[in-house]
Every structure is written in C-alpha cells, then in structure tokens.
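A short worksheet on the structure shown next.
The values are calculated or read from the model by the stated rules, or taken from the named source; none is laboratory data. Everything quoted here is computed from the prediction, not taken from an experiment. Because the Cβ atoms are built from the backbone with ideal geometry, glycine has one as well, and the counts that use them run over all protein chains shown.
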Amino acid sequence: MNVELLDLHPAPADLEQLVREGMTAIPRQLPAWLLYDSEGSRLFAAICEQPEYSLTRTEIALLSQQAEAISASLGSGVLVEFGIGNARKVSPLLKALNSDLFVGLDISRTALRDALEGLGREHPQSTMLGICCDHSQLTDLPHHPLLDGQRRIGFFPGSSLGNFSGDKAVALLQRFRQLLKGGPLLLGLDQPRTPTLLEAAYNDAAGVSAAFAQNLLKRLNRELQGDIDVSRFEYRVRWQSSQSRIEMALVSTCSQTITLAGQRWHFDADEAWITEHSVKYSPTAAEELALRAGWRIQQRWHDENDHVSLHLLLPAN
Ligand SMILES: C[S@@+](CC[C@H](N)C(=O)[O-])C[C@H]1O[C@@H](n2cnc3c(N)ncnc32)[C@H](O)[C@@H]1O
C-alpha cells in the first residue's frame, strides 16, 4: 500500500488545557478542530450532502472545470493539503500535477487514514503521506525523502480558514507560508451572501449540523470523563454582519453546572457556548487578509454566481 501515516495528534493533557482556556474565555469557545473526532468527520461529510449546504458541490465543480488552468498556474511540485477531510476535492489537481508524493494533513485520525487509502487506490503511482496534527501548531513538515528539494504547493479548500477569525486567520496563513517554504497556496473561500441562506446552510432541516455541534459535548464526556447532558444545550446559528461571519453555538437551556476532567463549570440559562465561526470573505477582504499574512493574490477563479472562489496566493516578497 502506498500510504504512510504519521501521528502528531495533541495528547489528552493538551485537551484538558484547551478546555480550561476555552471555558474561561468570554464567551466560552474551544478550538474548532475538537469538532472532528471520527464521528465528527462522518457528520461533516453528511453536512456536505445536505441540500442547504452548497459550498462543497460548488467548489468540486469549480475545481474539476478549472483543474488544468489552475494546475498550469500552480506549476509543478508536491501538493500539500491542509485539513483533507474525506479528500473529495483534490483528485483533479493530483491528476494534473502528476507528482510522486501527496501530503495530506488532518486532525481526525480515522478520517485521514480512510481518505488516503481511497486516494492511494485512485492514484497508485503516488505515495500518500498523511500527517495527523493540528496544522496551526506545526512548524515544519516532517522529513521525507520524496519531499527533499521539492517545491511545495499548498491546498486549503472548503472555506476552512473561516473557522479562524481576525488575527488567528492571519497567523494561520503565515504558518502555511512558513510550511510551504516559498511555494504557492490555493485557498478556497466563500463570499458573504443573503443571511437567511447562510444560516440555513449551517442549520439544515435534517438536523445534521446540530448533531455535529452536539457531538463535541459527547466527545468531551468520553475523553474528559464529563457529565454534560446534551439535551440541555440547544443549537443556534446566526449571521454576525459586523464580523462577516456565521456563529454556531450551543445555548444552555437552563442554569446548570457541568464537570469536565474533574473541574466544574457553571452555565447560566441562555448562555452560549460557541462551537465555531465561519468567516465569509469578499474578494477585497480576501486580498487584505492575504497581504496582512505576507501573501498576494495572483489569480482568482469563481463559480458563475460568484459565491465560491479559489485564490492563488504567492509569497508577497
Ligand atoms: C470544514 S472541513 C473541510 C474538509 C475538506 N477540506 C473540504 O473542503 O470539504 C475541515 C477539515 O479540516 C480538519 N481540521 C480542522 N481543524 C484542523 C486543524 N487545526 N489541523 C488539522 N486539521 C484540521 C477537519 O478534521 C476536517 O477534516
């Protein structure tokens, strides 16, 4: 099998520390990657199939229509995808780039292994290197003989950057610049649009998005010996226009105290526990963000409604 996996997942002690930090923040919020254990990854894949959530379908169509033009602009090198999920987007680029190595990063161990095994069968000529890690904390890619001296090409689709707001988004793009060592980055973002449509996309009628958020509480109960009663938190989604983002939260339905890793945390009735944000970028906002992080946008491809864009970023100097 042409799949190699490296496990750099944060340790359980790091999880306790993250929970302490997140529970003392106002409002309470943990890093979004905690949403992705194996069940979280399964639920996210199901969200992508919901009629209200068009981002995945649109981005896949855009990538397959523009694969040749995009890969010609990217040039040759090893593709490095950040947060590959179920790897439904990368195939047209892999085919066009025809490199003997692909590097996929994801925080979700099982999903990463399954995704790379699938890609490995589709692209038997390439080695699939998987790194299970929090990519926002990675300082370099691990050594691999096929990576030596190769130009690196980053791929970050799915509007995943939207989980990071303000300075954290800038820091992540700076981190990717460091990891890519002068290579380009293909960044997929979606634009602000009608709030009701965006709110529906993150609160589908079938309740999959709500289950995805609630799965965070189940994960914490399991991994930190918690006693959270999931039914006492209600899923809420709202568009925050001043920050150009969707906010997803679990709202406490009553005054209650929960225990996690032996520590007790009180929630007032109606208090929100933010599960994630999804920032939406206009082309101008994307340009400003890129510049703050030391990148410039060289080219942009978008769908016919201009809802979803793929940006080619090059180091600014
Ligand atoms: C919104 S999903 C997008 C998946 C896929 N790239 C797509 O476009 O459909 C985000 C993916 O990134 C992974 N992820 C989230 N935060 C991460 C982090 N800090 N480090 C590594 N992977 C992360 C999740 O496990 C998930 O697979």
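A few points about this structure:
- Near pairs, Cβ below 7 angstrom, 6+ apart or cross-chain, from the range 76-93 (of a type in the set (D, E, K, R)) to any residue that is near the ligand (Cβ under 8 Å from one of its atoms) and in a loop (DSSP other than H, G, I, E, B): K89/P157
- The set of residues in the range 63-101 being surrounded by fewer than 22 Cβ atoms within 10 Å (Cβ to Cβ), within 15 Å of the ligand (Cβ to nearest atom) and of a type in the set (G, A, S) consists of S64, G83, S91.
- When residues of the range 2-58 are limited to those that are of a type in the set (A, V, I, L, M, F, W, C) and touching a Gly at 6+ places or on another chain (Cβ under 6 Å), the one farthest from C132 (Cα to Cα): L30
- Taking the criterion of being in contact (Cβ under 8 Å) with a residue 60 or more places away in the chain, part of a helix (DSSP H, G or I) and within 14 Å of the ligand (Cβ to nearest atom), the residues of the range 11-41 that qualify are L15, A32, W33, L34, L35, S38, E39, G40, S41.
- Residue that is nearest to the ligand (Cβ to nearest atom), among those in the range 47-62 that are polar (S, T, N, Q) and closer than 14 Å to L189 by Cα: T56
- Some residue of the range 306-317 being in contact with a Leu (Cβ under 9 Å, 6 or more places away or on another chain), farther than 30 Å from L180 by Cβ and not in a strand (DSSP E or B): no
- Among the residues of the range 141-150, those identified as part of a loop (DSSP other than H, G, I, E, B) and away from the ligand (no atom under 15 Å from the Cβ) are H143, H144, D148, G149, Q150.
- Meets criteria (in contact with a Ser or Thr (Cβ under 8 Å, 6 or more places away or on another chain), in contact (Cβ under 8 Å) with a residue 12 or more places away in the chain and farther than 19 Å from P27 by Cβ) for D227: yes
- Within the range 151-188, considering residues that are buried (at least 21 other Cβ atoms within 10 Å of the Cβ) and assigned to a strand (DSSP E or B), the one farthest from the ligand (Cβ to nearest atom): I153
- A count restricted to the range 9-40 and to residues that are at pLDDT below 95 and under 17 Å from L138 (Cβ atoms) stands at 4.
- Selection count where residues are under 30 Å from L197 (Cα atoms) and in contact with a strand residue (DSSP E or B) (Cβ under 8 Å, 6 or more places away or on another chain), scope the range 220-253: 20
- Condition broken by M128, with the remaining ones in (1) under 22 Å from L314 (Cβ atoms); (2) part of a strand (DSSP E or B) satisfied: (1)
- Residue within the range 91-104 that is over 30 Å from L15 (Cβ atoms), of a type in the set (K, R) and at pLDDT below 95 present: yes
- Those residues of the range 189-199 which are within 16 Å of the ligand (Cβ to nearest atom) and hydrophobic (A, V, I, L, M, F, W, C), in sequence order: L189, L198
- Residue in the range 283-290 that is surrounded by 18 or more Cβ atoms within 10 Å (Cβ to Cβ), in contact with a Cys (Cβ under 9 Å, 6 or more places away or on another chain) and not charged (D, E, K, R) present: no
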